[in-house]
Structure formats: C-alpha cells, structure tokens
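Derivation of every value follows stated rules applied to the coordinates shown; laboratory data play no part. Predicted model only: the values in this text are computed from it and were never measured. Here Cβ is always computed from backbone atoms with ideal geometry, including for glycine, and neighbour counts include all displayed protein chains.
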Amino acid sequence: METGDNQSFLSLFQIGTVDEIFYSGDQVLNDSENNKKDDQIMIKTEEGEVNFDDLFSDEFVLDGINVSTTHDEAVREMNDALNVTNPPILPEPQHSTSRFKKLTESELDNLEAKRQSESTKRNTKWGVKVFQEWSVHDSGSEVDFHEINSDELNIKLRRFYAEAQPANVSKRANSMSEAQASEYHKNSFKAIRSAINRHLNDLNRDIDIVRDKAFKTANQALDGKLKQNVADGLSRPTKHKDVISTPDLHLINTYLHSDTNPIVLRHKVWYDLSVHFVSRGLELHPQLHMDSFKFMNDETGREYVTLLHDVRQKNHQGGIDFNECSDKRMYSSGDESCPVKSLRELMSRTEEGAISLFNHCVKQALKTPKSMDKWFTTTPVKPYQFSTFMKDISKNAGCSKYYTAHCLRATSIQALSDAGHELRHIMLLTGHRNEASIRSYSRDCSDDQKRSLSNTLSKITSGSTTRSESEVPLPTISQTATSSTAASTSDQLTSGGMAQQPVATFQMSSRNFLSSGFMANSSFERCVFQFHVHQ
C-alpha cells in the first residue's frame, strides 16, 4: 500500500519513515473481514515493525493539545486519512415515466408543414411564382405579401387577372389554336387564385382573396375575363377522365381471367381494389400492407374484406375534419373471378417477411410459375411504378385506347350512378364531401345513352316521328323493389362489364303513364312502386 500521502499523519507519532502499513494476518486493509479483534495493524519503518496499538498506550500531545485516543477512534481516523472507504453507491439513473413526448421546435414545425401535401405545396409555389413574375413585369418589383394590405392587393389582382398570359405560347399552340394558347384555362386561373390565398394563410395573414368583400372588384374582373373568353371562342372545355367503354371492360376482364401468372395476378388484385374501393389507383395501393385487410363474414355468411386503417387520398389528407368511411367492403363473388380469392392468393404467394402488399416478382416465377410456390419477393413496388399498371392492362387486353388509373375511378362512379344508387351512398365510397363534386364524374352519359339520344334526334332531322321501343331507354326497375348494393355493382364491373339493372317491359299505356301526369319530370328517392299488369 502506498503511504507517501500519509507520512505527515504518522509522523505525529515520531516513528520515522513509514515503509508499509499492513495487517499481521496479511489481509487487505479495506476488506470487510478486517474488523476482527485478533488482527493487528503493523507499521513497518526503517527501525523495524511497530504495533499500531502500542502508539496509543500513552497520552501524547498533538499541536499542543492533549489527546486521549481510544483504539476504535484511532482506527477510524486512520482509515479516514488513508481514504480506505467502500466505493460510493451511485444513485439509480432517473428514467422518465411521463406518458407525453417532448418535441423540439423544429419537429413541431415539421408537423405543422404536414397539413399540406407535397403536390399542394408545389401548386402554391407555382401560382405565387406566376403572380410575382407578372408583378416584376408590371411594376419592376415583387409583392411583399407580409406587408401589403387588402386594398393594394385587390388593385394588383384586378389587373393581374386581366393581363396574365401563360408562358411557351408557341409550344402550347401545337395542341390548340394560337389564340387559345395565349389564354389560361379557367381552372388555371382558379388554381393561381387558390395558390395566392394559401400563401397568405401560410404567412398568418387574415386575408381571403376569394371571399372577402375587399376583393370584390378583383373577382368581378376575373369573372368577366372568363366570360369574355367564352364569347370569343377562347375557352376550352374541361377534359374529364374517360369512362372505360363496355367492350373494353369485357376485354380487360377476359385478360385478367385468362391466365395464372405473377403479372396477371398482381394486375387483377390491383384492378379489383381500385374498383371496389373507388380509388384513383395511384393513392391507395402504395399505402397497403400485408396486414391492412381483415377478412370477415356478414350476417348472411357472405365473406368480405375491409381495410383496418384509413388511407390518404387527394380529397382526404386526414386532419381535424377527416371523416373517412371506415367500413368499405369488397365482397366475395363465389366464382373464379372472386376478388377476395385473388387477394388471398396474392398474399399466400408472397415470401415471408414482406411488408407491402404489392412486391416485385420472383424472376424464376415469371418463367415457370407453376413450379414455384412463391411468386413475389419482399421488395415493394415503388409508388411511381403503379402509374403503368392500367396502361399495361389496356395494352395486354387489346383495348381501343390506353386508360389511366383515374379512369377506373370515373368508371366505378359512373356505374354506381347508372345503377341508381343514391349520391350519399356513392360519396361514402369515394370520399367526396358534397354532391357537386361527385356529379362532375357522373354528369356525362354512357356511350349507349349518347347513341340513344342521337338516334332520337336523328328522327327529327330525317322527318320521321316514329319511335321504336328499343331506342328509348326505359326506367330501371329493380325486381326486388330495392336498390342493388354497391358491392354487386362493383362485382359486375370486375367480372365482365358495366352493371345493368333488370328492365321491365311496358306496353304503350304504361309508357304514357311514366311520361305524363305526376310522374313527368319528377324525382323520387327511397320509394317503392308496385305495378299490377292485367293480361
């Protein structure tokens, strides 16, 4: 044991230079066993060994003070001087037991930024950029949205709406007339106005350029501009997504049921989910995992599949006002084209450990699918790859044109509308919050309806007033006196064609009854009519 630091202490006893301090029993000084009374503390010096107890046999003077020290007190002082103590017991680490998280200011800012999708942010940036470019051209400087007041902004917007023109007019003229190419579409003007409004809201400005009375003259200028474009023939119609024609639907379903291989199976499940959950096709599927579905049976014993979690869509990003339908169902059809059966097969054909529902194909399974149990790896399909699915389906099926994923949504809504389902029921599936939005999908007529309308009008131009019974569509009447379910409509879409209601045949007297009197130009909801026909 080193004793250099303790020399001054022991020199009080005038015993010379201390070489070593030890127990007579060769035990370590700080051992817990050293409290035995039989052990002797020995001090080794140049002159020999000295028993520690002998140092306290007589009274001695310490700095002029008489000290009478007992054996126990001396040992305690000795140990204190030599720092012979047990290691300190450290307190247990304090673990937070709070149920609440602690976020930094940066993390809070990121959460706040999540309220808008990336596409919305891009549109906001584009709209503000167009307005600022006009401002630089008009006044030589950009608008300071932090400081500008409502009156000044109204004056600028009024002039902007009247003077704004798109860039690359010559390039746009390749797909339209040069005069039309030099004017923004009405939807583009609305998008720019909404972008500026969002930007002001992001800056916490209490300004609404759409609804505030302070911007009445600016909005009147925009309204007049759009009406003038219509009068001048510069307004272009809004292009809605195509509804898949009935012949092409038959071709698609023939392709999806023609063969069993990884590509066709993946296409079929993607197609079934797009139709039954009325999805745009590019929003739903990247969010689906192997554990996203729950297989259940209704009160009649019929099997169906429902989602276990909400999904983000263009018109439903979540948030405080999010009110998604939580019980969308895809029912089993009980035949070879059953969508539930296809979903089960896709999941069973995927390698263990996969997280995403849609994954890359096993290369060997593409060559010899019948020899492989697993067709899909654990590598998920990237979001952008879903954009090619509908084009590939259209190409492989030999359709008349290449359809997009959004066409499936338009086709599903059109089929539900033609089948007579109430708008509020359709809105539960689509996620729309008002009827005006859903009507934009179903405002158009089917090809059969358009042909019937044209044939009827052709009778006028040809001088014939005779109408054939088959040329005028009759009201659809359910044989069960109740509207068919949305699931049955989707089943017909995925199994071979557009949904068609059973049609009753009426004699001329019945037709006259439907087209005259209280039935003419009338609208009925949730009603049941019974007709008794006597032969």
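In whole Hz, with x marking every Gly and Pro, tabulate ³J(HN,Hα) for region 229-234 from phi via Karplus 6.51 cos²θ - 1.76 cosθ + 1.60, θ = phi - 60°.
So the Karplus estimates, Gly and Pro as x, are 4, 5, 5, 8, x, 9 Hz.
According to the square roots a ≥ b ≥ c of the eigenvalues of the Cα gyration tensor, what is the shape class of region 223-292, taking rounded for a/c under 1.5, prolate for a/b larger than b/c otherwise, and oblate for the remainder?
oblate
As a quick test, which of the pairs Lys121/Lys239; Lys328/Lys391; Lys156/Lys213; Lys367/Lys401 have an alpha carbon distance above 21 angstrom in this structure?
Details: Lys121/Lys239 24 Å; Lys328/Lys391 26 Å; Lys156/Lys213 15 Å; Lys367/Lys401 29 Å.
Listed pairs above 21 Å: Lys121/Lys239; Lys328/Lys391; Lys367/Lys401.
Kindly give the semi-axes, whole Å and largest first, of the ellipsoid equivalent to region 126-199, taking each as the square root of 5 times a Cα gyration tensor eigenvalue.
25, 13, 10
Taking all pairs of distinct Cα atoms, average 1/r, flip it, and tell me the Kirkwood hydrodynamic radius of region 151-275 in Å to one decimal place.
18.5
Order of 451-461, 154-164 by packing, highest average Cβ count within 10 Å first?
154-164, 451-461
Take each of the peptides 344-353, 228-237, average the number of other beta-carbon atoms within 10 Å over its residues, and list them starting from the highest.
The packing order, highest mean first, is 344-353, 228-237.
Work out the FRET efficiency for Ser235 and Asp310 from their Cβ-Cβ distance, taking R0 = 56 Å, and round it to the nearest 0.05. Walk me through the intermediate numbers first.
Details: r = 39 Å, r/R0 = 0.69.
With a Förster radius of 56 Å, E is 0.90.
Return the distance in nm (one decimal) between the two label points of a simple spin-label model at Glu152 and Leu366, each offset 7 Å from Cα along Cα→Cβ.
6.1
Test of understanding: what is the full-extension gain from Leu453 to His425, defined as 0.36 nm times their sequence separation minus their Cα-Cα distance?
This chain segment gains 7.3 nm when fully extended.
Fully extended, how many nm does the chain gain between Ser119 and Lys382 (0.36 nm per residue separation, minus their Cα-Cα distance)?
Working: separation 263, 0.36 × 263 = 94.68 nm, distance 1.78 nm.
Extending this stretch completely gives an extra 92.9 nm.
Given 0.36 nm per residue, what is the gain on full extension from Asn79 to Val169 after removing their alpha carbon distance, in nm?
That works out to 22.8 nm of additional length.
Label points 7 Å out from Cα along the Cβ direction at Phe295 and Asp202: separation in nm?
Using points 7 Å along Cα→Cβ, the separation is 4.6 nm.
Treating only the Cα positions of region 246-442 as identical point scatterers, give the base-10 log of I(q)/I(0) from the Debye formula at each q in 0.08, 0.09, 0.16, 0.17 Å⁻¹.
-0.27, -0.34, -1.13, -1.28
Sorted by packing (mean other beta-carbon atoms within 10 Å per residue), highest first, where do 194-200, 238-244 land? Intermediate values should be presented prior to the final figure.
Numbers: 194-200: 19.1, 238-244: 16.3.
Listed from highest to lowest mean packing, they are 194-200, 238-244.
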